[in-house]
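Bear in mind that the values in this text are calculations on the coordinates, not laboratory data. From a predicted model like this one, the values you see are computed outputs, not experimental measurements. Backbone-built Cβ (ideal geometry, glycine too); neighbour counts: all protein chains shown.
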Amino acid sequence: MVTSQALRIVYFGTPAFAVPTLQRLLASRHAVALVVSQPDRPKGRGQHFVHTATKEVALAHGVPVLQPEHLRDEAFLRAVGDLRPDLGVVAAYGRLLPDALLAIPRLGMINVHGSILPRWRGAAPVHRAIIAGDTETGVTIMRVVKELDAGAVFATVPRTIGPNETSVEVERDLAELGAGLLADTVEALADGRAVETPQPPEGVTYAAKLTKANHFALAALGVEPLSPQPSDERRSYGAGMTTTTWLLFFLAIASQAAAIFSAVARLMDTWSCSRSAALPESTNCCGTWPLPS
């Protein structure tokens, strides 16, 4: 029997990972007053602007959407504050939230994170777990604080990583698991029975975002486990790559460059030959030169 008052929620999320949680909140007794997504970006060969995954869902349910370029913008902060939200929910939003924003909801903000914290804090926990050869990961619901993914934990659920599973499969499953766990946590917060447990200082690792360089190197051949990384998220995103993967990356680039140069040379030769067809036979560059009569 429901006895507590429904919460007014502001939701921060951008990609497909954030959609199941948003859908669970929209189907709950609580009110999603606003969805905050990163701005739409151009995609594809035509570079057409495409709505983010969460924006599509929000618009389909008649929920207002804001996509600020700067989270410290006074107009944006004022718009969120005017809603008087009880709770902020974050799932793969993609940016650090400033203190001025964290302070707005009455009950603070909670986050759906794709690992069992404190392992793999940061932007790419699923990818880093697979790269490191982890056999288990999971989802954590935690309080959002200033330090990156360091807030107290409300709940976790583990999930085994199969030997042949990809990050796409694991991330899709974690999104669904996280949605259910988040919904339970929201109910516990509404009822005043939620319990927070500080993260242990041992076992902290960081999951730096993957760049194209990481992807090329890992695809080239061989992957080595990552070691714990420093907490400064502004470090080089290539810091997670080992010497072996960097070497393989440069070898792959060199091989691709050689193939490109070879293809260009063949094209130039074909072009030169086609032009020579209109020239006198004595200047023909294709095939054997004719002997003088």
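Order of ILE104, ILE131 from fewest to most other C-beta atoms within 10 Å?
ILE104, ILE131
Near the amide H of ALA150, within less than 5 Å, lie the amide hydrogens of VAL145, all on another chain or at least 5 residues away, with H placed in the peptide plane.
For the stretch 41-57, backbone phi angles converted through the Karplus equation (6.51, -1.76, 1.60; θ = phi - 60°) give residue-by-residue couplings of 10, x, 9, x, 4, x, 6, 8, 6, 10, 4, 5, 4, 6, 5, 4, 5 Hz, Gly and Pro being listed as x.
Taking θ as phi - 60° and the Karplus parameters 6.51, -1.76 and 1.60, the scalar couplings of the stretch 60-67 work out to 5, 9, x, 8, x, 10, 10, 9 Hz in sequence order, x denoting glycine and proline. Among TYR11, TYR93, the ranking by other beta carbons within 10 Å of each residue's beta carbon, starting with the fewest, stands as TYR93, TYR11.
A straight chain from GLU56 to ASP82 at 0.36 nm per residue would run longer than the Cα-Cα distance by 7.0 nm. For THR135 and THR211, a Förster radius of 22 Å and the Cβ-Cβ distance give a FRET efficiency of 0.30, rounded to the nearest 0.05. Using the beta-carbon distance between THR197 and SER4 and R0 = 22 Å, what value does 1/(1 + (r/R0)^6) give for FRET efficiency, to the nearest 0.05? In this case the efficiency is close to 0.50.
In terms of overall dimensions, the C-alpha atoms belonging to the stretch 1-151 reach 47, 45, 32 Å along their principal axes, ordered largest to smallest.
Our coupling estimate for the stretch 140-145, obtained by passing each phi through the Karplus curve with A = 6.51, B = -1.76, C = 1.60 and θ = phi - 60°, is 10, 9, 9, 7, 7, 10 Hz, Gly and Pro reported as x.
What is the packing order of peptides 70-82, 184-196, 25-37, taking the mean over residues of other C-beta atoms within 10 Å and listing the highest first?
Sorting 70-82, 184-196, 25-37 by mean packing, highest first, produces 25-37, 184-196, 70-82.
Extension gain for HIS70 to ARG95 (0.36 nm times residue separation, less C-alpha to C-alpha distance): 8.0 nm.
Between ALA257 and SER28, what length in nm is gained on full extension when 0.36 nm per residue of separation is reduced by their alpha carbon distance?
Difference between extended and current length: 77.0 nm.
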